[in-house]
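Here is the structure we will look at, set down as structure tokens.
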Amino acid sequence: MEKLTFYAVSAPEKLDRIGSYLAERLSRDVVRHRSGYVLIAMEALDQLLMACHSQSIKPFVESFLHMVAKLLESGEPKLQVLGTNSFVKFANIEEDTPSYHRRYDFFVSRFSAMCHSCHSDPEIRTEIRIAGIRGIQGVVRKTVNDELRATIWEPQHMDKIVPSLLFNMQKIEEVDSRIGPPSSPSATDKEENPAMLAENCFRELLGRATFGNMNNAVRPVFAHLDHHKLWDPNEFAVHCFKIIMYSIQAQYSHHVIQEILGHLDACKKDSPRVRAGIIQVLLEAVAIAAKGSIGPTVLEVFNTLLKHLRLSVEFEANDLQGGSVGSVTLNASSKDNDEKIVQNAIIQTIGFFGSNLPDYQRSEIMMFIMGKVPVFGTSTHTLDISQLGDLGTRRIQIMLLRSLLMVTSGYKAKTIVTALPGSFLDPLLSPSLMEDYELRQLVLEVMHNLMDRHDNRAKLRGIRIIPDVADLKIKREKICRQDTSFMKKNGQQLYRHIYLGCKEEDNVQKNYELLYTSLALITIELANEEVVIDLIRLAIALQDSAIINEDNLSMFHRCGIMALVAAYLNFVSQMIAVPAFCQHVSKVIEIRTMEAPYFLPEHIFRDKCLLPKSLEKHDKNLYFLTNKIAESLGGSGYSVERLSVPYVPQVTDEDRLSRRKSIVDTVSIQVDILPNTIPSDDVVSNTEEITFETLKKAIDTNGMEEQEKEKRRLVIEKFQKAPFEEIAAQCESKANLLHDRLAQILELTIRPPPSPSGTLTITSGHAQYQSVPVYEMKFPDLCVY
């Protein structure tokens, strides 16, 4: 060998003939099973290959690869291992110039086949599989370093390489699951363990992947997992994608996420457990990708997940509708539970992904999810619910709000306007009026996530009478100008939803706890003196509604409202620290403890609490009195004039949209405040003469419908946005005007019709107006029958 090597180095032009001769000898010896001569020939070729690095080595390499192929084709395991070892040595040699005609298709196929060896002897089988994995590793190293490295990334090669590696990783994974967690492998174990070797090769392959060929390396993974049914259970699938996400370059992470989403779409009709397995894999991938670059797939991820959430709810609704007695019912119940697994996996993924986004992206996702929530009577949502029905729609509402709750968890905005812009607040509060206690709970919890900027919510958990609020160590800051402006604009809207939410018939203890927390958080985060007065007015209005009971609530709900008011007034009195106010609240609570414990949260929400038969006979000392509160707050400098004005919730179109009885049906008197922009011609002046034409116009209301609608809209907008002082001033001027008009109209004398023709004659002084055939005449401010 020394002489041959010296000769080959001295005369490199002879390498081609040396290689051809050795190849011919080796082929003959392989056929004749002369293993000794085969070993000698391969050793000679290896040494010559390692020693010679000249341009003339190219033809010699072709002879060398031809001989390696001969060894791999033989049925002898030793010769296959020998050929593999020689190829690995060759793969580690860096060539000076690329080879444009050399291809490794045969080696990819042969090494992949060796990875799937089924030899009867376990030791020989393991040895052949290890040789196949090392061969694939050699092919990858050799080709990615060549100029023509793109050839190895072609789908026909990846479809052989990747499943071969996963097959070996999977086999050992199954063994490990039976024998328990493996110990940390040593260096020798990595060489002798096919799974460890395959995993290292897989990592190396993915680490060399670039932007253009990333998808070709990932898609065979899905095919392998589908073929071997490894999505349920999905431990191995999760393990594979963790390797993928940690091995590829961070900027390519969104490619993998897109591929998972695409595969989820392709499997939308598979069993629920398969879809749940894919979604859990997506969760693991997102958890890793969120730490780096997620790329442009943020909205695509959420859009796809929400689409599959809708599909899951639709499948669940169809199963419930199609279920019947017997085994079919059991099967439907099983599918129902499986679909819930899918839905929980989707919500968990949405929440985790959303919680790892920066604040500006999280705000967009919150708006995106809120836009998907269907509200009865509107078409503003972008989610197709035509196939769901009422039960499915309710289910998708709950799922979307749970997703929103996960996304808003941990969100901290500097100002409340950033967390609750008008475009988000209005659609968020719409479900809070629906006749479903669970939906209302979710809306309140989302509100708490966004309002609680100082992590006080945990301290307020549970509705109770707090002896000393100072012990809670509430964190708060001075109310900023933006928060004050927010409450001036949206405060009435928040109060209204809390007021109506307290009066729902299906409220349970958790609803009252969340409503109490809402009032407490508004007090901590957003309350100045004006807001505190409004909140106390709201609490007194709730107490009055429970006593009067116009909504025919049950005794439990009436006592629940009373307990809520007691807990909140106890909290707010200690927060503003007005001694007289605290004394009044404490006295009422003390009397209730002795005489009416069912008015306190500690008793009414306890099992088997005795309830009173009525509230009308109770002593007024059991109630919080407005005059006492006004007197105590007025002595401390608070402006208490508005406390004497009972709180009445504003009227909006949300009552119509929420499938509940409109508040318009229960309120008999509305005060119309006309904006200054309305022309004075539309208003009847004080001195206008009442003629037949005037009465005719008053009777003919068909043409006035559009004006009435516009008038109502302006009134609602006025109450929503105008400052309280302006509303109060206009109310006063309107009351004075009404008084003057009534004085004028009451001067009219009315006499009954002279005949049963139904006509009505009006006289004023000596003037007599023409009789008109009507039964109702509408004056601007008074109806005369």
In the range 196-225, chymotrypsin sites (Phe, Trp or Tyr not before Pro) in a DSSP loop with at most 13 other beta-carbon atoms within 10 Å: PHE211
Solvent exposure ordering (accessible area, 1.4 Å, most first) of LYS372, LYS160, LYS459: LYS160, LYS459, LYS372
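Classify the range 190-242: rounded, prolate or oblate, from the alpha-carbon gyration tensor (a ≥ b ≥ c, eigenvalue square roots; a/c under 1.5 rounded; otherwise prolate if a/b is larger than b/c)? Intermediate values should be presented prior to the final figure.
Details: a/c = 2.26, a/b = 1.06, b/c = 2.13.
It comes out oblate by the Cα gyration axes.
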Hey, got a sec? Which trypsin sites (Lys or Arg not before Pro) in the range 567-606 land in a DSSP loop and have at most 15 other Cβ atoms within 10 Å? ARG606
What is the spin-label model distance, in nm, from PHE352 to ALA580 if the labels are put 7 Å beyond Cα along the C-beta direction? 5.8
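Report relative contact order for the range 418-514 in percent, whole number only (criteria: Cα-Cα under 8 Å, sequence separation at least 6).
Details: 48 pairs, mean separation 40.4, N = 97.
With pairs under 8 Å counted, the relative contact order is 42 percent.
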Apply the Karplus parameterisation 6.51 cos²θ - 1.76 cosθ + 1.60, with θ equal to phi minus 60°, to every residue of the range 38-47 and state each ³J(HN,Hα) to the nearest whole Hz, in sequence, with x for glycine and proline. 5, 4, 5, 5, 5, 5, 4, 4, 4, 5
Take the Cβ-Cβ distance between VAL648 and ASP390 as r, set R0 to 30 Å, and report the resulting FRET efficiency rounded to the nearest 0.05. 0.40
ARG17 versus HIS227: modelled label distance in nm, points set 7 Å from Cα along the beta carbon direction: 4.9
Around LEU282, under 13 Å between beta carbons, what's the net of Lys plus Arg minus Asp minus Glu among the other residues? -2
Distance between modelled label sites at LYS478 and SER10, nm, 7 Å Cα→Cβ extension: 9.7
A chain fully extended from MET50 to GLU595 at 0.36 nm per residue, minus the present Cα-Cα distance, gains in nm 186.1 nm
In the range 572-643, the GluC sites (Glu not before Pro) that sit in a DSSP loop and have at most 14 other Cβ atoms within 10 Å of their own Cβ are GLU616
Please arrange VAL417, VAL407 by accessible surface area, largest first, computed with a 1.4 Å probe and ligands excluded. VAL417, VAL407
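The values are calculated or read from the model by the stated rules, or taken from the named source; none is laboratory data. Because the structure is predicted, anything quoted here is derived from the model rather than measured. Positions of Cβ are backbone-derived with ideal geometry, glycine not excepted, and every protein chain shown enters the neighbour counts. Just so you know, the surface numbers come from the protein's heavy atoms only, side chains and all, with ligands and any DNA or RNA stripped out. Shrake-Rupley method; radii C 1.70, N 1.55, O 1.52, S 1.80 Å.
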